[in-house]
Amino acid sequence: MSIDGPASLRAHASARGLFYGAAVDTGLLRTDAAYRALLAGQCNIVVAENAMKWAAIHPEPDRYAFEQGDELVAFAEQHAMQVRGHNLCWHEALPSWFASTVNPGNARQILTEHIRTVVGRYKGRIRAWDVVNEAIALEDGRTDGLRTSPWFEMLGPGYIDLAFRTAREADPHALLTYNDYGIEYDHPAGFTKRAAVMALLKRLKADGVPVDAVGIQSHIDATTSGLGPGISAFVSEAQALGLKVFLTELDVNDDNLASEDIAVRDAAIAKVYGQYVTTMLANLAVTDVLTWGISDNHSWLNNSKYHKEKHPGRQERALPFDASYHPAPAFYALRTALDSATVRNA
Ligand code: XIL
């Protein structure tokens with residue numbers, strides 16, 4: 001059965017005015033022709049898995065390294081795909097020079113210059129930027145839920161406003177996104193984090209900060225029973241604020257599935273894909289679905305500490321394609337979920 005051309009995820013998404021895409025390993029993009037063909041055939045949007053993060057794109061205080069980002073954007077344009085930019089402000093993937101160079105006196109200037117330079121480089125060529133990534137961390141103990149990240153420590157809560165305002169100036173047409181994880185489930189931690197993210201979005205809107213979208217990372221546990229009405233209500237609230245909603249980093253990890261039978265795990269994973277994506281797409285605000293990688297052999301989940309301890313040597317089945325670039329049951333579940341959506345006209 002063909003999964004190419006009109007049968008691809010790309011075609012099924014496009015037919016409904018949706019975007020389906022994947023995070024791209026720009027190293028593999030250079031070396032693996034089958035990987036390139038798979039991405040070009042299945043995606044109408046791509047995002048760099050790491051190449052546009054600070055550590056990769058800003059390796060020295062006065063030097064930027066745009067090669068891999070440029071290659072990804074060129075590849076996307078060659079295949080008429082959109083691009084998401086990821087990301088401009090995060091507490092992780094900071095370059096080695098960061099700690100010794102950035103201080104409260106220069107942090108504002110360094111953050112501003114970085115965003116101007118990187119967003120300016122790709123101006124007009126990026127559909128959406130993840131401007132601020134993972135700014136909420138209840139475990140850091142603040143009542144507003146803000147993570148006490150290096151940016152927060154040096155600039156206070158206003159670093160978020162600064163990042164969005166600077167990005168807007170640098171590329172007025174990119175959809176500026178706040179992206180976070182751990183807001184999908186209806187267990188208590190999910191509930192409180194979701195509330196803190198929503199409070200942040202409302203605060204930004206009330207203060208006139210240019211935020212256009214919220215990204216729900218969607219790293220999901222295949223055994224979860226926690227995907228309840230909470231996340232749908234969150235999407236409706238975001239829509240009421242005038243925001244678009246993107247599923248930005250979808251994958252379904254099987255670490256808590258004991259079975260060594262791949263078919264058993266695949267069935268459970270496909271079920272989560274189908275239910276979750278169908279539910280999310282029921283709201284018209286949701287327009288983009290990206291998986292964090294496209295094939296199981298290149299999933300970040302294979303490197304997680306929990307995974308390696310629990311299932312040494314076992315490969316995740318988290319993505320639509322397996323290690324041989326053959327479609328998994330998750331591919332078909334995802335495609336059916338895309339088909340369930342009402343046509344978007346954006
Ligand atoms: C991950 C990449 O997949 C890994 O290759 C890298 O080592 C660490 O970062 N949330 C995010 C992504 O926003 O940037 C992370 O990507 C996964 C979690």
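The values are calculated or read from the model by the stated rules, or taken from the named source; none is laboratory data. These numbers come from a predicted model, not from an experiment. Quick reminder, even Gly has a Cβ in these numbers, built from the backbone with ideal geometry, and neighbours come from all protein chains shown. These accessible areas exclude ligands, DNA and RNA; they are computed on the full protein's heavy atoms, side chains included. Shrake-Rupley method; radii C 1.70, N 1.55, O 1.52, S 1.80 Å.
Limited to segment 246-292, what total is found for residues that are of a type in the set (A, V, I, L, M, F, W, C) and within 16 Å of the ligand (Cβ to nearest atom)? If you could, list the steps in order and put the result at the bottom.
Step one: list which residues in segment 246-292 are of a type in the set (A, V, I, L, M, F, W, C), which gives 246-247, 250, 252, 257-258, 262-264, 267-270, 272, 277, 280-282, 284-286, 289-290, 292.
With the extra rule that they be within 16 Å of the ligand (Cβ to nearest atom), the set shrinks to 246-247, 250, 252, 289-290, 292.
Result for segment 246-292: 7.
Quick one: which helices (runs of 4 or more DSSP H) sit completely within segment 238-346 and have at least 2 residues that are closer than 19 Å to Leu28 by Cβ and open to solvent by 40 Å² or more (accessible area, probe 1.4 Å)?
Values: elements: 262-281, 305-310, 329-339.
No helices (runs of 4 or more DSSP H) qualify here.
Within segment 160-233, which strands (runs of 3 or more DSSP E) (wholly inside it) include 2 or more residues that are among the aromatic types (Phe, Trp, Tyr)? If you could, list the steps in order and put the result at the bottom.
On the way: elements: 175-180, 213-216, 219-221.
Fully inside segment 160-233 and qualifying: nothing.
Annotation: Glu153 fulfils all but one of (1) assigned to a helix (DSSP H, G or I); (2) of a type in the set (D, E, K, R); (3) within 16 Å of the ligand (Cβ to nearest atom); the unmet one is (3).
Give the number of residues within segment 1-49 that are in a strand (DSSP E or B) and open to solvent by 30 Å² or more (accessible area, probe 1.4 Å).
Within segment 1-49, the subset in a strand (DSSP E or B) is 19-24, 45-48.
Filter again for open to solvent by 30 Å² or more (accessible area, probe 1.4 Å), leaving 19.
Residues in segment 1-49 being in a strand (DSSP E or B) and open to solvent by 30 Å² or more (accessible area, probe 1.4 Å): 1 in total.
For segment 57-105, a residue qualifies if it is aromatic (Phe, Trp, Tyr), more than 16 Å from the ligand (Cβ to nearest atom) and in a loop (DSSP other than H, G, I, E, B), and the qualifying residues are Tyr64, Phe66, Trp97.
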